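Student: Just passing along the structure, written as structure tokens.
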Amino acid sequence: MTAESSTRPLHDPFLVAAEARAVLSCATDAGLVVEGAPDVLRDDTLGMAERDGVPTFTCSPDGDLALAAARGAGAVLTVDSALAGPAGSRPPSVTVSGRLALAGLEACPCCEDERQVVRLVPEQVALQLTGPDGAGTSLAVPVEEYAAPAHALNRGYLQRCVEHAGRCHPEELRASVALAAGVPVERLIAAELADLTAGGVDVRWIDDAGAHVTRLVFPRAARSPVELAAMLRRELGAGIC
């Protein structure tokens, strides 16, 4: 990489695509610019998630984003990573450019309303890196490599899985960790998962004897999110997935 801001061919398309997918899977701040829809972000129902590398939004069926998707408007999404970058560097960011497309309706999980699903089909992807000196590098990511199934279990996705278990299933996680550790659940003060990979996960807990950690190794490495969920259910029970 050069120290100057530039766009250039990748030295290792696989690794750079993996990092780009990780940024999108575990994003913090996001900016969206849509052709012909300057007020698209004013929709209070707007939500975004990554689905197989495709930025996927939910929004009001009659909102600006849905109307823009109906006419196939162009859009540019920029997201910052919630994952730490190299020491002394800012976290990376990713820009995805493409066309919006309608992808059906789905029920809102917290009310009875329906939300329009909109996909931003990637046509160009770029990974932005910023070094300790503030110098930036923009790396073009081949869309075919970016969309490859091999990147489904990227580090951003794995981090989000760990966060989901702790945030959405704390009691199930506590019971599962107690069982895996052979400790009565009433003795557990806290429990969490960490360092999830395709091959295993760390189980950490605190009880009246102190802090502990053990590594649970899967029978084989998971090759997809479905297989990863099955491995976690096998080791920790169905409640955390």
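The values are calculated or read from the model by the stated rules, or taken from the named source; none is laboratory data. Note that the coordinates shown come from a computational prediction; the quantities given were computed from them, not determined experimentally. Counting neighbours? That spans all protein chains shown, and the Cβs are built from the backbone with ideal geometry, glycine included. The accessibility values were calculated without ligands, DNA or RNA, using every heavy atom of the protein model including side chains. Shrake-Rupley method; radii C 1.70, N 1.55, O 1.52, S 1.80 Å.
Student: Tell me which of Val94, Ala135, Ala209 sits at the most positive position along the dipole axis of region 83-241, charges placed on C-beta atoms (Lys, Arg +1; Asp, Glu -1).
Tutor: Ala135
Student: Accessible area per residue for the chain in Å², computed with a 1.4 Å probe and the full protein assembly in place, what is it?
Tutor: 52
Student: Can I ask one more? Ala198 versus Ala230, label points 7 Å from Cα toward the beta carbon: distance in nm?
Tutor: About 1.5 nm separates the two model spin labels.
Student: For region 58-67, just list the computed ³J(HN,Hα) in residue order, Karplus coefficients 6.51, -1.76 and 1.60, θ = phi - 60°, integers in Hz, with x standing in for Gly and Pro.
Tutor: Karplus-based 3J(HN,Hα) across region 58-67 equals 10, 7, 5, x, 10, x, 4, 5, 4, 5 Hz.
Student: Here is a further query. Tell me, what HN-Hα J-couplings in whole Hz come from the Karplus equation 6.51 cos²θ - 1.76 cosθ + 1.60 at θ = phi - 60° for each residue of region 208-217, using x for Gly and Pro?
Tutor: Residue by residue, region 208-217 yields 5, 9, x, 9, 9, 8, 9, 9, 9, 9 Hz.
Student: Each residue of region 218-227 in turn: what ³J(HN,Hα) in whole Hz from Karplus with 6.51, -1.76, 1.60 and θ = phi - 60°, glycine and Pro shown as x?
Tutor: Karplus-based 3J(HN,Hα) across region 218-227 equals 6, x, 8, 5, 5, 10, 7, x, 5, 5 Hz.
Student: For the chain, report the % of Cα-Cα distances exceeding 34 Å.
Tutor: Every Cα pair in the chain considered, those over 34 Å come to 27 percent.
Student: Let me have the relative contact order for region 96-161, percent, based on Cα pairs under 8 Å that are six or more residues apart.
Tutor: Computed value for region 96-161: 25 percent relative contact order.
Student: Continuing with the same structure: At 1.4 Å probe size, with the rest of the protein present, what percent of the exposed accessible area of region 174-216 is carbon and sulfur atoms? Each step should come with its number before you reach the end.
Tutor: Numbers: 1230 of 2190 Å².
Carbon and sulfur atoms account for 56 percent of the accessible area of region 174-216.
Student: Indicate the gyration tensor shape class of region 104-187 (rounded, prolate or oblate), computed on the Cα atoms with a ≥ b ≥ c the square roots of the eigenvalues: a/c under 1.5 is rounded; otherwise a/b larger than b/c is prolate and the rest oblate.
Tutor: oblate
Student: Counting other C-beta atoms within 10 Å, and keeping those with at most 11, which DSSP coil trypsin sites (Lys or Arg not before Pro) do you find in region 159-241?
Tutor: Arg220
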